[in-house]
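Undergrad: One structure coming up, written as structure tokens, with questions to follow.
The values are calculated or read from the model by the stated rules, or taken from the named source; none is laboratory data. Everything numeric here is computed off the predicted structure, so don't read it as measured data. Here Cβ is always computed from backbone atoms with ideal geometry, including for glycine, and neighbour counts include all displayed protein chains.
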Amino acid sequence: MDLFNIPANELIQHLINGLTLGAIYSLIALGYTMVYGILKFINFAHGEILMLGTYSGYFLYYMLCDPTKGGSYVIIAFAVSLLFAMIISAILGITIERIAYKPLRKAPRLAPLLSAIGVSIILMNLASLMFGTKSKKFDYPFDNTPIHFGDASITPNQIMILVVGLIMMVSLKLFVDRSRLGKAMRATSENQAVAALMGINVNSIISLTFAIGSALAAVAGILIAMEFKVYPTMGQLAGLKAFIAAVVGGIGNITGAMVGGILLGLLETFGVVIIGIPQGLKDTIAFSVLIIILLVKPSGLLIKNRREKV
């Protein structure tokens, strides 16, 4: 049965593409929503943390192996590079928080926001200076030949994005809801002063929050790089869209960030097909969604009477 005059096989194909894109947005959006949940400000340098983490994974990957040769060694090298990118991004996130944000915690809310924008510009230009402005291709560590079912198809890389994204999101949700550190994060989110009186090291929890969000961004960056390329401004648009996803779901809400990312990915994909928006203008969909959400439900779709924060 056709929907919106789209054949069933095409509908499945667009659904796969939308879920893949949405999984990437969700991973990045989690960093925004976690930081906002605790510090109540938007870390606009998040996209650049993603970018630098991706570069670190890219360079280590090509130092360890020749991806054109294939084999299990290439897969291991890719896994090591992914882990390395996560560690570098986590360290970078903690460092930025300590240097650029911590001194401004008691300042007016606009101050850390401006600091974040400044850090974003500095990191972007630093990357351009160090790595050049020419984009670099991150080769697949495996055969990415599409798997066909009917007229629809899915690539191994898309499968990896969906599987890795699901594992990361579920793991984070379980960690925040059930672990001792997760409870400390939620307590810090509710009231930092009370959390400190209860014996929680607030500074360590804030650093942990930045580390986790930054590490997830690095994973998303590597996944983006294989589908597209690595370049100094790669985190800019991806970061903005992920921020929109966090706002759509309800910023400060972990589940909302996940749902918002998936929803935005589906809306972008089907918006091009159903509405007929040219591929080159599909970015307008995300910003149109942001305007509508801010007008209709500015608190986000999944905000309840009691917010679920990190």
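Undergrad: In region 270-282, is there at least one residue being modelled with pLDDT of 85 or more and aliphatic (A, V, I, L, M)?
TA: Restricting attention to region 270-282, the residues satisfying the condition of being modelled with pLDDT of 85 or more are none.
Checked against the condition, which is being modelled with pLDDT of 85 or more and aliphatic (A, V, I, L, M), region 270-282 yields no hits at all.
Residues checked against (1) touching a helix residue (DSSP H, G or I) at 6+ places or on another chain (Cβ under 7 Å); (2) free of Cβ contacts under 8 Å to residues at least 24 places away in the same chain; (3) closer than 24 Å to I205 by Cβ:
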| residue | (1), (2), (3) |
| --- | --- |
| I88 | yes, no, yes |
| G93 | yes, no, yes |
| L104 | yes, yes, yes |
| A111 | yes, yes, yes |
| L114 | no, yes, no |
| L126 | no, yes, no |
| S135 | no, no, no |
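One line per residue, one yes/no per condition, for (1) within 22 Å of the chain's Cα centre (by Cα); (2) within 25 Å of L237 (Cα to Cα); (3) not hydroxyl-bearing (S, T, Y):
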| site | (1), (2), (3) |
| --- | --- |
| M51 | yes, yes, yes |
| Y58 | yes, yes, no |
| A79 | yes, no, yes |
| M86 | yes, yes, yes |
| A90 | yes, yes, yes |
| T95 | yes, yes, no |
| R98 | yes, no, yes |
| P112 | yes, yes, yes |
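Undergrad: Are any residues in region 251-290 closer than 25 Å to L166 by Cβ and among the small types (G, A, S), and if so, which ones?
TA: Within region 251-290, G252, G256, A257, G260, G261, G265, G271, A286 qualify.
Undergrad: Select from region 149-172 the residues that are of a type outside the set (A, V, I, L, M, F, W, C) and within 25 Å of A225 (Cβ to Cβ) and write down the one among them that is nearest to the chain's Cα centre (by Cα).
TA: Let us first name the residues in region 149-172 that are of a type outside the set (A, V, I, L, M, F, W, C), namely 150-151, 153, 155-158, 165, 171.
Keeping just the survivors that are within 25 Å of A225 (Cβ to Cβ) gives 153, 155-158, 165, 171.
On the way: S153: 25, T155: 21, P156: 20, N157: 17, Q158: 16, G165: 10, S171: 15 Å.
Taking the candidates together, the pick is G165.
Undergrad: Tell me whether region 55-75 contains one or more residues that are in a helix (DSSP H, G or I), in contact with a Gly (Cβ under 7 Å, 6 or more places away or on another chain) and surrounded by 14 or more Cβ atoms within 10 Å (Cβ to Cβ).
TA: Pass one, region 55-75, residues in a helix (DSSP H, G or I): 55-64, 67-69, 72-75.
Going one step further and asking which of them are in contact with a Gly (Cβ under 7 Å, 6 or more places away or on another chain), we end up with none.
There is no residue in region 55-75 that is in a helix (DSSP H, G or I), in contact with a Gly (Cβ under 7 Å, 6 or more places away or on another chain) and surrounded by 14 or more Cβ atoms within 10 Å (Cβ to Cβ).
Undergrad: Pairs under 6 Å by beta carbon, first residue without any contact (Cβ under 8 Å) to a residue 24 or more places away in the chain in region 198-215, partner not aliphatic (A, V, I, L, M), six or more apart or different chains?
TA: As it stands, the answer is V202/T188; V202/Q192, since those pairs meet every condition given.
Undergrad: Can you pull out every residue in region 53-78 that is touching a Ser or Thr at 6+ places or on another chain (Cβ under 7 Å) and within 13 Å of G221 (Cβ to Cβ)?
TA: Hits for region 53-78 are G53, G57, Y61.
Undergrad: Could you list, ordered by first residue, the pairs with Cβ atoms under 7 Å in which the first is in region 276-295 and over 17 Å from G260 (Cα atoms) and in a helix (DSSP H, G or I) and the second is at pLDDT below 85 and among the aliphatic types (A, V, I, L, M), at least 6 apart or interchain?
TA: Q279/V272
Undergrad: Additional query: Conditions: (1) in contact (Cβ under 8 Å) with a residue 40 or more places away in the chain; (2) within 19 Å of the chain's Cα centre (by Cα). F175 meets all but one. Number of the miss?
TA: (1)
Undergrad: Take G213 and decide whether it is under 27 Å from K102 (Cα atoms), in contact with a helix residue (DSSP H, G or I) (Cβ under 8 Å, 6 or more places away or on another chain), at pLDDT below 90 and assigned to a helix (DSSP H, G or I).
TA: no
Undergrad: Take the residues in region 268-289 that are over 17 Å from the mean Cα position of the chain (by Cα) and crowded, with 16+ Cβ neighbours inside 10 Å; name whichever of them is nearest to L237 (Cα to Cα).
TA: I285
Undergrad: Whether any residue in region 88-98 is at pLDDT below 90, out of contact with any Cys (no Cβ under 6 Å at 6 or more places or on another chain) and either outside any helix (DSSP H, G or I) or not hydrophobic (A, V, I, L, M, F, W, C) (or both) is what I want to check.
TA: Within region 88-98, none of the residues are at pLDDT below 90, out of contact with any Cys (no Cβ under 6 Å at 6 or more places or on another chain) and either outside any helix (DSSP H, G or I) or not hydrophobic (A, V, I, L, M, F, W, C) (or both).
Undergrad: Here's a follow-up. Please verify whether V259 is within 13 Å of the chain's Cα centre (by Cα), surrounded by fewer than 22 Cβ atoms within 10 Å (Cβ to Cβ), among the β-branched types (V, I, T) and not in a loop (DSSP other than H, G, I, E, B), treating the condition exactly as stated.
TA: Spelling it out, V259 is indeed within 13 Å of the chain's Cα centre (by Cα), surrounded by fewer than 22 Cβ atoms within 10 Å (Cβ to Cβ), among the β-branched types (V, I, T) and not in a loop (DSSP other than H, G, I, E, B).
Undergrad: Can we say I159 is β-branched (V, I, T), without any contact (Cβ under 8 Å) to a residue 24 or more places away in the chain and in contact with a strand residue (DSSP E or B) (Cβ under 9 Å, 6 or more places away or on another chain)? Steps first, answer last, please.
TA: Working: β-branched (V, I, T): yes; without any contact (Cβ under 8 Å) to a residue 24 or more places away in the chain: yes; in contact with a strand residue (DSSP E or B) (Cβ under 9 Å, 6 or more places away or on another chain): yes.
Criteria met by I159.
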